[in-house]
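The values are calculated or read from the model by the stated rules, or taken from the named source; none is laboratory data. As the structure is a computational prediction, the values presented were derived from the model and not from experiment. So basically every Cβ, Gly included, is an ideal-geometry build from the backbone, and we count neighbours across all protein chains shown. With ligands, DNA and RNA removed, areas are computed over all heavy atoms of the protein, side chains included. Shrake-Rupley method; radii C 1.70, N 1.55, O 1.52, S 1.80 Å.
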Amino acid sequence: MRFAKLHGLGNDFVLLDLRQGGEPLPAARAIELCDRRLGIGADGVLTLLPGPRMLVQNADGSIPEMCGNGARCAALWIATEGGARAASTTVPLLTGAGPRLCKVSSDSGRAGLVEVEMGFAEVSAVRALPGFEAVPVSMGNPHRVIFSGGDISLLAREQGPALCVSENANIEFVERLGPQCYAVAVFERGAGLTQACGTGACAVAAAAVARGEAMRGEDIEVRLPGGPLSVRVSEDNRVLMRGPAQLVFSGEL
(Lines give C-alpha, C1' and ligand atoms only; values in the text may rest on other atoms or scores of the structure.)
Protein backbone atom coordinates (compact mmCIF):
# COMPACT_ATOMS: atom_id res chain seq x y z
CA MET A 1 0.00 0.00 0.00
CA ARG A 2 1.30 3.42 -0.94
CA PHE A 3 1.56 6.08 1.77
CA ALA A 4 2.72 9.68 2.06
CA LYS A 5 4.10 11.64 5.00
CA LEU A 6 2.84 15.22 5.31
CA HIS A 7 2.86 17.86 8.02
CA GLY A 8 1.28 21.16 8.92
CA LEU A 9 3.64 23.18 11.14
CA GLY A 10 5.22 19.97 12.39
CA ASN A 11 1.89 18.28 13.19
CA ASP A 12 2.64 15.22 11.06
CA PHE A 13 0.55 12.52 9.43
CA VAL A 14 0.75 9.30 7.48
CA LEU A 15 -1.68 9.70 4.57
CA LEU A 16 -3.36 6.77 2.84
CA ASP A 17 -5.27 7.58 -0.35
CA LEU A 18 -8.13 5.06 -0.61
CA ARG A 19 -10.45 7.15 -2.78
CA GLN A 20 -10.41 4.38 -5.39
CA GLY A 21 -11.19 1.65 -2.88
CA GLY A 22 -9.94 -0.03 0.25
CA GLU A 23 -10.69 -0.18 3.95
CA PRO A 24 -9.35 2.08 6.71
CA LEU A 25 -6.69 0.61 8.95
CA PRO A 26 -7.61 -1.14 12.19
CA ALA A 27 -6.72 0.96 15.22
CA ALA A 28 -3.85 -1.36 16.14
CA ARG A 29 -2.21 -0.90 12.73
CA ALA A 30 -2.60 2.89 12.91
CA ILE A 31 -0.86 2.83 16.30
CA GLU A 32 2.01 0.81 14.80
CA LEU A 33 2.49 3.23 11.90
CA CYS A 34 2.50 6.26 14.21
CA ASP A 35 5.20 4.81 16.47
CA ARG A 36 8.26 7.04 16.03
CA ARG A 37 10.75 4.25 16.76
CA LEU A 38 9.16 1.18 15.23
CA GLY A 39 6.90 2.68 12.56
CA ILE A 40 6.85 5.61 10.16
CA GLY A 41 6.22 8.06 12.99
CA ALA A 42 3.34 10.53 13.10
CA ASP A 43 0.76 12.26 15.26
CA GLY A 44 -1.95 10.49 13.30
CA VAL A 45 -3.11 8.67 10.16
CA LEU A 46 -5.17 10.45 7.50
CA THR A 47 -7.22 8.14 5.29
CA LEU A 48 -8.85 9.60 2.19
CA LEU A 49 -12.06 7.80 1.24
CA PRO A 50 -14.54 8.42 -1.61
CA GLY A 51 -16.30 11.78 -1.32
CA PRO A 52 -13.56 12.78 -0.67
CA ARG A 53 -13.96 11.98 3.00
CA MET A 54 -11.12 12.41 5.48
CA LEU A 55 -10.87 9.91 8.31
CA VAL A 56 -8.41 10.79 11.07
CA GLN A 57 -6.90 8.25 13.47
CA ASN A 58 -4.82 9.61 16.32
CA ALA A 59 -1.52 8.10 17.40
CA ASP A 60 -3.42 6.08 20.03
CA GLY A 61 -5.89 4.74 17.45
CA SER A 62 -8.78 6.94 18.54
CA ILE A 63 -10.82 8.86 15.96
CA PRO A 64 -11.32 12.62 16.49
CA GLU A 65 -14.19 14.48 14.90
CA MET A 66 -11.96 17.01 13.13
CA CYS A 67 -8.32 17.90 12.53
CA GLY A 68 -7.43 21.31 11.10
CA ASN A 69 -3.80 20.57 10.22
CA GLY A 70 -4.86 17.24 8.78
CA ALA A 71 -7.44 18.97 6.60
CA ARG A 72 -4.76 21.26 5.17
CA CYS A 73 -2.51 18.29 4.42
CA ALA A 74 -5.31 16.28 2.83
CA ALA A 75 -6.42 19.23 0.70
CA LEU A 76 -2.84 19.85 -0.51
CA TRP A 77 -2.50 16.17 -1.49
CA ILE A 78 -5.77 16.16 -3.41
CA ALA A 79 -5.26 19.52 -5.15
CA THR A 80 -1.70 18.75 -6.28
CA GLU A 81 -2.45 15.14 -7.26
CA GLY A 82 -0.05 13.80 -4.69
CA GLY A 83 2.53 16.55 -5.07
CA ALA A 84 2.79 16.10 -8.84
CA ARG A 85 1.75 19.60 -9.92
CA ALA A 86 1.19 23.17 -8.79
CA ALA A 87 -2.36 24.05 -7.83
CA SER A 88 -4.64 26.96 -7.10
CA THR A 89 -8.04 25.50 -6.45
CA THR A 90 -10.75 24.70 -3.92
CA VAL A 91 -11.12 21.23 -2.40
CA PRO A 92 -14.27 20.15 -0.56
CA LEU A 93 -13.61 17.70 2.27
CA LEU A 94 -16.09 15.65 4.25
CA THR A 95 -15.08 15.27 7.90
CA GLY A 96 -16.56 13.87 11.07
CA ALA A 97 -17.50 17.46 12.00
CA GLY A 98 -19.19 18.15 8.65
CA PRO A 99 -18.09 19.46 5.24
CA ARG A 100 -15.04 21.71 5.11
CA LEU A 101 -14.06 23.80 2.08
CA CYS A 102 -10.30 24.22 1.57
CA LYS A 103 -8.62 26.77 -0.71
CA VAL A 104 -5.19 25.54 -1.82
CA SER A 105 -2.37 27.61 -3.28
CA SER A 106 0.80 25.68 -4.16
CA ASP A 107 3.54 26.73 -6.56
CA SER A 108 5.58 23.54 -6.22
CA GLY A 109 3.01 20.83 -5.54
CA ARG A 110 4.92 19.66 -2.49
CA ALA A 111 4.13 22.64 -0.25
CA GLY A 112 1.58 25.41 -0.11
CA LEU A 113 -0.83 27.53 1.86
CA VAL A 114 -4.31 26.24 2.61
CA GLU A 115 -7.27 28.18 3.97
CA VAL A 116 -9.95 26.03 5.59
CA GLU A 117 -13.53 27.00 6.36
CA MET A 118 -13.62 25.51 9.85
CA GLY A 119 -17.34 25.92 10.56
CA PHE A 120 -18.84 27.60 13.60
CA ALA A 121 -17.10 27.97 16.94
CA GLU A 122 -19.44 27.18 19.83
CA VAL A 123 -18.18 29.08 22.89
CA SER A 124 -19.64 28.21 26.29
CA ALA A 125 -19.49 29.86 29.70
CA VAL A 126 -16.20 29.78 31.61
CA ARG A 127 -15.66 26.46 33.35
CA ALA A 128 -13.76 25.96 36.61
CA LEU A 129 -11.06 23.30 36.39
CA PRO A 130 -8.63 22.24 39.14
CA GLY A 131 -6.32 25.26 39.47
CA PHE A 132 -7.59 26.99 36.32
CA GLU A 133 -10.51 28.63 34.58
CA ALA A 134 -11.15 27.48 31.02
CA VAL A 135 -13.27 28.66 28.12
CA PRO A 136 -14.98 25.61 26.56
CA VAL A 137 -15.05 25.82 22.77
CA SER A 138 -16.31 23.28 20.27
CA MET A 139 -14.84 23.27 16.77
CA GLY A 140 -16.66 20.03 16.01
CA ASN A 141 -14.26 18.59 18.58
CA PRO A 142 -13.99 19.76 22.22
CA HIS A 143 -11.45 22.25 23.58
CA ARG A 144 -10.70 23.90 26.91
CA VAL A 145 -8.88 27.20 26.41
CA ILE A 146 -6.89 28.40 29.44
CA PHE A 147 -5.47 31.94 29.37
CA SER A 148 -2.34 32.04 31.50
CA GLY A 149 0.65 34.28 32.04
CA GLY A 150 2.91 31.42 33.11
CA ASP A 151 5.17 29.07 31.19
CA ILE A 152 2.57 27.65 28.84
CA SER A 153 4.86 24.90 27.51
CA LEU A 154 5.53 23.68 31.04
CA LEU A 155 1.85 23.89 31.94
CA ALA A 156 0.85 21.89 28.85
CA ARG A 157 3.43 19.24 29.65
CA GLU A 158 2.68 18.95 33.37
CA GLN A 159 -1.03 19.79 33.62
CA GLY A 160 -2.26 18.88 30.16
CA PRO A 161 -2.45 15.08 30.50
CA ALA A 162 -4.70 15.01 33.57
CA LEU A 163 -6.95 17.81 32.30
CA CYS A 164 -7.24 16.13 28.91
CA VAL A 165 -8.46 12.93 30.54
CA SER A 166 -10.81 14.58 33.05
CA GLU A 167 -12.37 16.88 30.44
CA ASN A 168 -12.13 14.46 27.48
CA ALA A 169 -11.00 17.48 25.47
CA ASN A 170 -8.00 19.14 23.88
CA ILE A 171 -6.30 21.51 26.33
CA GLU A 172 -4.86 24.85 25.19
CA PHE A 173 -2.65 26.98 27.43
CA VAL A 174 -2.52 30.53 26.08
CA GLU A 175 -0.39 33.64 26.57
CA ARG A 176 -1.55 36.93 25.07
CA LEU A 177 1.41 38.54 23.32
CA GLY A 178 -0.37 41.66 22.07
CA PRO A 179 -3.31 42.81 19.96
CA GLN A 180 -4.50 39.96 17.74
CA CYS A 181 -1.53 37.77 18.75
CA TYR A 182 -1.39 34.74 21.06
CA ALA A 183 1.13 32.02 21.93
CA VAL A 184 -0.36 28.58 22.50
CA ALA A 185 0.78 25.19 23.77
CA VAL A 186 -1.59 22.28 23.22
CA PHE A 187 -2.08 18.86 24.77
CA GLU A 188 -4.24 16.93 22.29
CA ARG A 189 -6.57 14.04 22.90
CA GLY A 190 -5.05 10.90 21.44
CA ALA A 191 -1.74 12.53 20.47
CA GLY A 192 -0.35 14.37 23.51
CA LEU A 193 1.95 17.35 23.05
CA THR A 194 2.09 18.34 19.39
CA GLN A 195 3.87 21.02 17.40
CA ALA A 196 0.56 22.47 16.22
CA CYS A 197 -3.21 22.04 16.46
CA GLY A 198 -5.43 23.67 13.86
CA THR A 199 -8.73 23.30 15.67
CA GLY A 200 -6.97 24.41 18.86
CA ALA A 201 -5.78 27.61 17.18
CA CYS A 202 -9.35 28.28 16.04
CA ALA A 203 -10.68 27.62 19.55
CA VAL A 204 -8.17 30.08 21.01
CA ALA A 205 -9.14 32.78 18.51
CA ALA A 206 -12.85 32.27 19.19
CA ALA A 207 -12.27 32.37 22.97
CA ALA A 208 -10.19 35.55 22.64
CA VAL A 209 -12.98 37.20 20.66
CA ALA A 210 -15.56 36.08 23.24
CA ARG A 211 -13.43 37.65 26.00
CA GLY A 212 -13.38 40.96 24.12
CA GLU A 213 -9.61 40.83 23.61
CA ALA A 214 -9.53 40.22 19.85
CA MET A 215 -11.41 41.74 16.93
CA ARG A 216 -13.87 39.91 14.74
CA GLY A 217 -13.30 39.96 11.00
CA GLU A 218 -9.55 40.56 11.38
CA ASP A 219 -6.64 38.13 11.29
CA ILE A 220 -5.58 36.73 14.66
CA GLU A 221 -2.07 35.29 14.78
CA VAL A 222 -1.83 32.11 16.82
CA ARG A 223 1.78 31.11 17.47
CA LEU A 224 2.20 27.40 18.08
CA PRO A 225 5.49 25.56 18.76
CA GLY A 226 5.69 24.62 15.06
CA GLY A 227 4.89 28.11 13.78
CA PRO A 228 2.01 30.56 13.30
CA LEU A 229 -1.50 30.11 11.96
CA SER A 230 -3.78 32.92 10.88
CA VAL A 231 -7.37 32.70 12.13
CA ARG A 232 -10.34 34.95 11.44
CA VAL A 233 -13.65 34.86 13.35
CA SER A 234 -16.73 36.35 11.66
CA GLU A 235 -19.65 38.15 13.26
CA ASP A 236 -21.61 34.89 13.43
CA ASN A 237 -18.63 32.93 14.84
CA ARG A 238 -17.73 31.24 11.57
CA VAL A 239 -13.98 30.57 11.56
CA LEU A 240 -11.39 30.64 8.77
CA MET A 241 -7.94 29.15 9.34
CA ARG A 242 -4.95 29.67 7.04
CA GLY A 243 -1.55 28.01 7.22
CA PRO A 244 1.03 25.83 5.47
CA ALA A 245 1.06 22.16 4.53
CA GLN A 246 3.95 20.16 3.14
CA LEU A 247 4.56 16.79 1.56
CA VAL A 248 7.69 15.25 3.11
CA PHE A 249 8.05 11.89 1.36
CA SER A 250 6.11 8.91 0.07
CA GLY A 251 6.75 5.18 0.18
CA GLU A 252 5.31 1.68 0.19
CA LEU A 253 3.94 -0.20 3.19
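Brief remarks on what is shown
- Across region 118-159, the qualifying residues are those that are in a helix (DSSP H, G or I) and without any contact (Cβ under 8 Å) to a residue 40 or more places away in the chain, and the one among them that is nearest to Arg232 (Cα to Cα) is Ile152.
- Qualifying residue in region 102-112 (condition: aliphatic (A, V, I, L, M) and under 15 Å from the mean Cα position of the chain (by Cα)): no
- Qualifying positions in region 82-108 - free of Cβ contacts under 8 Å to residues at least 60 places away in the same chain and not in a strand (DSSP E or B): Ala84, Arg85, Ala86, Gly96, Ala97, Asp107, Ser108
- Scanning region 62-74 finds no residues that are open to solvent by 30 Å² or more (accessible area, probe 1.4 Å) and assigned to a strand (DSSP E or B).
- So Leu229, is it open to solvent by 30 Å² or more (accessible area, probe 1.4 Å), aliphatic (A, V, I, L, M), touching a residue at least 24 places away in the same chain (Cβ under 8 Å) and assigned to a strand (DSSP E or B): no
- Test: residue in region 37-58 that is outside any loop (DSSP other than H, G, I, E, B), closer than 30 Å to Ile146 by Cα and open to solvent by 60 Å² or more (accessible area, probe 1.4 Å): no
Residue-by-condition table, conditions (1) closer than 23 Å to Cys67 by Cβ; (2) touching a Gly at 6+ places or on another chain (Cβ under 8 Å):
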| residue | (1), (2) |
| --- | --- |
| Val165 | yes, no |
| Gly178 | no, no |
| Cys181 | no, no |
| Phe187 | yes, yes |
| Gln195 | yes, yes |
| Ala207 | yes, no |
| Glu218 | no, no |
| Arg223 | yes, no |
